[in-house]
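The values are calculated or read from the model by the stated rules, or taken from the named source; none is laboratory data. It should be emphasised that the depicted structure is a prediction, and the values quoted were computed from it without experimental measurement. Reconstructed Cβ throughout: ideal geometry from the backbone, glycine too, with neighbour counts over all protein chains shown.
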Amino acid sequence: MKLFLAALAVSALALTAQDYPAGQLKHLPIPTASGQPAVTVAALEIERGAEYPTVVHLKGSVEIRMRVCVVTGPGNTQACAGYVVTHADAADFHEDSGKIEARGNVTITREK
């Protein structure tokens, strides 16, 4: 029974590793022009131009994580509560506007 459970655990880890190969995802924090917290992107391939702002091209297991913040008081005081997370096969992130052009299998979720 212990051997069966160990084999099951190893199989589950192997299947998960195929979806997101360990150590192969590249991560990049992207500053925002609006003063909002940085957007974090991850993908198997990331291409970014040399000048800011540019379009960041993401391919393979794309994840774009953006903080949800609102101005709550004088001096642009902000309150942040969670993230909006976009997963896609490929995406382009426009640094100047925050626009996301996602392609393939796309899901958008909110995380607290």
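Applying the criterion of at least 1 residues that are modelled with pLDDT under 85 and surrounded by 13 or more Cβ atoms within 10 Å (Cβ to Cβ) to the strands (runs of 3 or more DSSP E) found wholly in the chain leaves 55-73, 77-94.
So, in the range 67-89, how many residues would count as being of a type in the set (A, V, I, L, M, F, W, C) and in contact (Cβ under 8 Å) with a residue 40 or more places away in the chain?
2
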